[in-house]
Amino acid sequence: MSTAENKLSLVQMIVESEDKAFISKVLEYARSLKKEKTTHWEEELPEYVAEELRLSIEEADNGTDPGIPHEEMLEEARRKYPHLNL
């Protein structure tokens with residue numbers, strides 16, 4: 001079936017259905033798919049967290065705060081959380 005045929009078939013199923021639960025579930029599923037495609041992970045963060053993240057990236061990029069080297073951070077995490085097997 002082509003995309004156009006699938007769309008027509010889907011519309012036909014919805015129009016012909018009298019089952020409110022079915023229609024609600026189709027609508028809910030369609031909305032969730034649309035949201036997945038349009039939502040960037042950063043948009044789900046609280047604004048203060050997103051701003052802090054942007055600032056940290058900017059500082060790392062311009063060298064004003066080089067951060068902690070990866071291996072040093074890993075060693076600290078291993079000491080602090082040995083049960084995680086990092």
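If you go through region 28-86 and pick out every residue that is among the polar types (S, T, N, Q), at pLDDT below 85 and part of a loop (DSSP other than H, G, I, E, B), you end up with 1.
Could you tell me whether P82 is in contact with a helix residue (DSSP H, G or I) (Cβ under 7 Å, 6 or more places away or on another chain) and either loosely packed, with under 11 Cβ neighbours inside 10 Å or acidic (D, E) (or both)? Give the steps one after another, and end with the answer.
Details: in contact with a helix residue (DSSP H, G or I) (Cβ under 7 Å, 6 or more places away or on another chain): no; either loosely packed, with under 11 Cβ neighbours inside 10 Å or acidic (D, E) (or both): yes.
It is false that P82 is in contact with a helix residue (DSSP H, G or I) (Cβ under 7 Å, 6 or more places away or on another chain) and either loosely packed, with under 11 Cβ neighbours inside 10 Å or acidic (D, E) (or both).
Screening E58, E51, E44 for residues that are loosely packed, with under 10 Cβ neighbours inside 10 Å, within 27 Å of the chain's Cα centre (by Cα) and either of a type in the set (F, W, Y) or within 30 Å of L86 (Cβ to Cβ) (or both) leaves exactly one candidate, E44.
When region 65-86 is filtered for residues that are over 27 Å from the mean Cα position of the chain (by Cα) and over 26 Å from W41 (Cα atoms), the ones remaining, listed by number, are E71, E72, E75, E76, R78, R79, K80, P82, H83.
The values are calculated or read from the model by the stated rules, or taken from the named source; none is laboratory data. What you see is a predicted model; the values in this text were computed from it and never measured. Quick reminder, even Gly has a Cβ in these numbers, built from the backbone with ideal geometry, and neighbours come from all protein chains shown.
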